[in-house]
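To start, the structure under review is shown below, and the notes come after it.
Read-outs: derived from the displayed coordinates by stated rules, not from any lab. Predicted model only: the values in this text are computed from it and were never measured. With ideal geometry, Cβ positions are generated from the backbone for all residues, glycine too; neighbour counts draw on all protein chains shown.
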Amino acid sequence: MDWRRLSSLTLLLAVVRLGPGTVRMIPALAAIGIAASWVYVVPALLAFMALSLGFAWLAWARFRWRIGGDAIIIESGILDRQHRTIPFDRIQDVSIEQGLVARALDLAKVGFETGASAEGGMGDGGLDSISLVDAEALRTTIRAWRSGIAPTLAASDAATGVPDDDDAELFTLSPQRLILAGLFNFSLAALAVTFAVSQYVDDFLPFDLFDPRAWMDMVRQSGVDGWIEAHRWVAGLGAAGVLLFVGFATGVVRTVLTNWNFRLTLGPRAFRRVRGLTTRTDVAIPIARVQAAIVATGLIRRFWGWHELRLQSLASDGKEEKDHQLVPFGQLTDIDAVMQPAGITRPGADVQWQYPPLIVQALPGFIAAGLAVAGAVGGYVFGQPFWPIPLLVAGWLIGISIMTARRHRWAETADTLFVWRGWWNPRLTILPFANVQSADLADGPILRRYGVVRLVLGVPGESAMASHEIDAVPAGAAAGLRARILMARTRRS
């Protein structure tokens, strides 16, 4: 196949990217204006924009790629040329991402998922940006080559109707379920942002936004003060309703932007997930690289049977998310169907759960509560009016410690470890023995006093949700479990 360049529309994306760069130039422009003269600010800004666009054009002109017989060849670099060859047999799959501007221009960023990178992005030799037709045809070419169907398929053949792999559909998120998922993702952070914005807006208002007397004066001027005095509860409900609306609306908007048109399919070797409204991502999660499964839920969502499924993989899901979200909002039957191709199953009803000693788990909370009680006693002796508050804090700490300790448990089958953790946001980690690289036993003065240890498991890849450790395991049981896990790893090797 002949050499190809990135789409010429990539230069328009360079113009869009000038915005953040110009904002970062503001301190330098201010320094130029103060040290020299403000007359030079505009020419300096124009020179910066011209240089940025010039380098963007040179980078585009010096970048080219082509499909060889069994590899993708990429050449790049303005002065120092780089020649990269990515064999097809190293590529697990191809991910496609489209931002808002790229979707308008019908462009896509292509990332190659290989065994040499943990992120499968541009570090693997990705293409930024090519036409969406070429991106989809390139993925079809690689999949066809790996399956031995059509190893010489060219990217230009996409327009002739060459079909992609007939992936089996595993899970979709309907608009109704998407909105419901957003309602469960109530955002406390949005309330904090609303308060911060109101503090900022307060400087531009003719009255203090948080001064009750200013509001009462406005009410008296409007002539409805008598009605409000008789219906204060209505005002309280109105304020609470506004806060709830902000929290729920933010959760819905955030969920819709992230998971709009969510679709999960199963290819020959990988899961394929498509989602996003403003930024559309088409990501492949190779089944062979899956290390563990995390089934998460919430204290309220659990009553209605709603759960979330994430997979820990050797490839992360970008900078913000370490785990791959495969089921954002579904029932356990949906989750079982998705995990089945990866050979992962939830614990059955016959599994024997083991519980750490309650006193060991809750002891840190009791110690903190004791300190709070000591503070309350000191406040009472010295006549502080707020001395009951530490007692309330102590009770809260004790309650949290007990509930957290009672929810932590573990179980095992012949080849899998299950760990439950958390009470407000409970999650179940499903970890096959063969994926564990190391198993360490740790203890301390308190753990030794009760004859227990902490079992810490080393698993390849990163996870923001899974906790690969079990607290307070009896020393003998921990040693046996450690031996069985490492034996499974030895058999796999």
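Descriptive notes on the structure:
- Spin-label pair Gln340/Arg407, simplified geometry with 7 Å Cα→Cβ offset, distance in nm: 3.0 nm
- Amide hydrogen neighbours beyond the local backbone of Arg62, cut-off 5 Å, H modeled: none
- Vicinal HN-Hα couplings computed from phi for region 53-59 (Karplus, 6.51 cos²θ - 1.76 cosθ + 1.60; Hz; Gly/Pro x): 5, x, 5, 4, 5, 4, 5
- Remark on Asn185: its backbone amide H falls under 5 Å from none of the residues 5 or more positions apart or on other chains, H modelled at 1.01 Å from N.
- Computed from the Kirkwood radius of its Cα pairs, the Stokes-Einstein diffusion coefficient for region 350-392 at 25 °C and 0.890 mPa s stands at 198 µm²/s.
- Near the amide H of Phe271, within less than 5 Å, lie the amide hydrogens of Ile285, Ile287, all on another chain or at least 5 residues away, with H placed in the peptide plane.
- Each of Arg448 and Met487 was given a label point 7 Å from its Cα along the Cα-to-Cβ line. The distance between the two points is 2.9 nm.
- Burial ordering of His307, His83, fewest other beta-carbon atoms within 10 Å first: His83, His307
- Förster radius 25 Å - calculated FRET efficiency between Leu371 and Val351 (Cβ-Cβ, nearest 0.05): 0.05
- Ordering Ser313, Ser131, Ser37 from the fewest to the most neighbouring beta carbons within 10 Å gives Ser37, Ser131, Ser313.
- Residues Glu469, Glu113, Glu169, sorted so that the one with the fewest Cβ neighbours within 10 Å comes first: Glu169, Glu469, Glu113
- In a fully extended conformation the segment linking Leu9 and Phe382 would gain 127.0 nm over its present Cα-Cα distance, using 0.36 nm per residue.
- You can think of it this way: the chain between Leu183 and Arg62 has 38.7 nm of extra reach, that is 0.36 nm per residue less the Cα-Cα gap.
- Region 77-88 - phi-based ³J(HN,Hα) in whole Hz, Karplus 6.51/-1.76/1.60, Gly and Pro as x: x, 7, 9, 8, 7, 10, 10, 10, 10, 10, x, 4
- Residue separation of Asp167 and Val456 scaled by 0.36 nm, minus their Cα-Cα distance, works out to 100.3 nm of gained length.
- Relative contact order of region 408-493, pairs being alpha-carbon contacts under 8 Å that are 6 or more residues apart, as %: 27 percent
- Three-way shape call for region 38-109 based on the alpha-carbon gyration tensor, with the a/c threshold at 1.5: oblate
- Here the calculated FRET efficiency for Ala434 and Ile359, from their Cβ-Cβ distance with R0 = 45 Å, stands at 0.85, rounded to the nearest 0.05.
- Between Ala464 and Ile34, the distance separating the two model label sites (each 7 Å from Cα on the Cα→Cβ line) works out to 3.7 nm.
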